[in-house]
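Take a look at the following structure, please.
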């Protein structure tokens, strides 16, 4: 059994490769090859533009694919959405398709687009957006560099943005949000009905989601004395509760009387916790002040809940 997987080529490629590697797949692309190598003999990945993956998955050319939900909706593709994977080119959050105009434009709402011309790569979704708002305007396909087309070639654009920095750099103002999108793992309907392929795709979804869950998190381990446990636990965030375990010396064997005495009331404890990486900078010095020692920070690949 082979699962043919579409992997987005272009802006999402590196972030997708990074996520697949954290999920446990050793994947790499060399030169101009459109067929990445992967250490899973049941996967056959192929690099394809994200805009086309949903169509090829729907037609059965691919069994599954990683693409943007925006392109699934743009193409109105009849596919199975297996998992929503909230990551983009730069950050771990949804992206937005926005209606933008020059800063000095007289267009301040979608209603002001009546009879105007709009450039975008997301043509069909933009037309549906205008229809929902009762506006008739001309929508033309843009092959790229869409920001430079206003105001000389078109009156407005609908463009993808993560942070809005590119729009601001081009002196453009956001008027409205047309849609937001996340990366999704999708499957062909027939492949989803095949028990073997479905299990393979579901396994991939679980691992990818687990890798995303761990992306902004790290683990902390530390030791402390019994009298300092409460003060340390008081400031420790965690997915649920921190793990607190007694420590034993190497000469304290399980059948010895000393072992059981220490087990009931050990003098040293090991604590372990998972927290957001951004918290560590402030957390570690405070843990040290409260009595923690032997503090170890380590990265996480996956968190499966």
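Could you list, in sequence order, all residues of region 59-79 that are within 24 Å of the chain's Cα centre (by Cα), outside any loop (DSSP other than H, G, I, E, B) and either surrounded by fewer than 20 Cβ atoms within 10 Å (Cβ to Cβ) or in the same structural domain as residue 158 (by TED's automatic domain parsing) (or both)?
Passing the criteria: only 73.
Here's something else I'd like to know. Among the residues in region 87-105, are any free of Cβ contacts under 8 Å to residues at least 40 places away in the same chain and either closer than 18 Å to residue 178 by Cα or not assigned by TED's automatic domain parsing to the domain that holds residue 50 (or both)?
Checked region 87-105: at least one residue is free of Cβ contacts under 8 Å to residues at least 40 places away in the same chain and either closer than 18 Å to residue 178 by Cα or not assigned by TED's automatic domain parsing to the domain that holds residue 50 (or both).
Please tell me if residue 182 is closer than 28 Å to residue 93 by Cα and under 21 Å from the mean Cα position of the chain (by Cα).
In short, yes.
So residue 192 passes all but one of these: (1) at pLDDT 90 or above; (2) surrounded by fewer than 19 Cβ atoms within 10 Å (Cβ to Cβ); (3) more than 24 Å from the chain's Cα centre (by Cα). Which condition number does it fail?
All conditions pass for residue 192, except number (3).
Listed residues 121, 74; which is at negative phi, in contact with a strand residue (DSSP E or B) (Cβ under 8 Å, 6 or more places away or on another chain) and touching a residue at least 40 places away in the same chain (Cβ under 8 Å)?
Step by step, each of 121, 74 is checked, and only 121 is at negative phi, in contact with a strand residue (DSSP E or B) (Cβ under 8 Å, 6 or more places away or on another chain) and touching a residue at least 40 places away in the same chain (Cβ under 8 Å).
Please work out which residue is surrounded by the fewest Cβ atoms within 10 Å (Cβ to Cβ), limiting yourself to region 195-232 and to residues that are without any contact (Cβ under 8 Å) to a residue 24 or more places away in the chain and outside the structural domain of residue 294 (by TED's automatic domain parsing).
Result: 195.
May I pose another question? Could you identify the single residue in 44, 93 that is under 20 Å from the mean Cα position of the chain (by Cα) and not in a helix (DSSP H, G or I)?
93
Still on this model: When you go through (1) crowded, with 19+ Cβ neighbours inside 10 Å; (2) within 28 Å of residue 98 (Cα to Cα); (3) under 25 Å from the mean Cα position of the chain (by Cα) one by one for residue 156, which number turns out not to apply?
The one condition residue 156 does not meet is (3).
Return a yes/no flag: does region 114-128 have any residue that is under 25 Å from residue 54 (Cα atoms), under 29 Å from the mean Cα position of the chain (by Cα) and exposed (fewer than 13 other Cβ atoms within 10 Å of the Cβ).
Scanning region 114-128 turns up no residue that is under 25 Å from residue 54 (Cα atoms), under 29 Å from the mean Cα position of the chain (by Cα) and exposed (fewer than 13 other Cβ atoms within 10 Å of the Cβ).
Now for a separate question. Restrict the check to region 261-272 and report whether at least one residue is outside any helix (DSSP H, G or I), modelled with pLDDT under 80 and either surrounded by 15 or more Cβ atoms within 10 Å (Cβ to Cβ) or in contact with a strand residue (DSSP E or B) (Cβ under 6 Å, 6 or more places away or on another chain) (or both).
The answer is yes; a qualifying residue exists.
Further question on the same structure: Could you check, for region 226-236, whether at least one of its residues is at pLDDT below 90 and within 28 Å of residue 22 (Cβ to Cβ)?
Yes, region 226-236 contains a residue that is at pLDDT below 90 and within 28 Å of residue 22 (Cβ to Cβ).
The values are calculated or read from the model by the stated rules, or taken from the named source; none is laboratory data. Here the structure is a predicted model, which means the values were calculated and not measured. Glycine also receives a Cβ, built like all others from the backbone with ideal geometry; neighbour counts cover every protein chain displayed.
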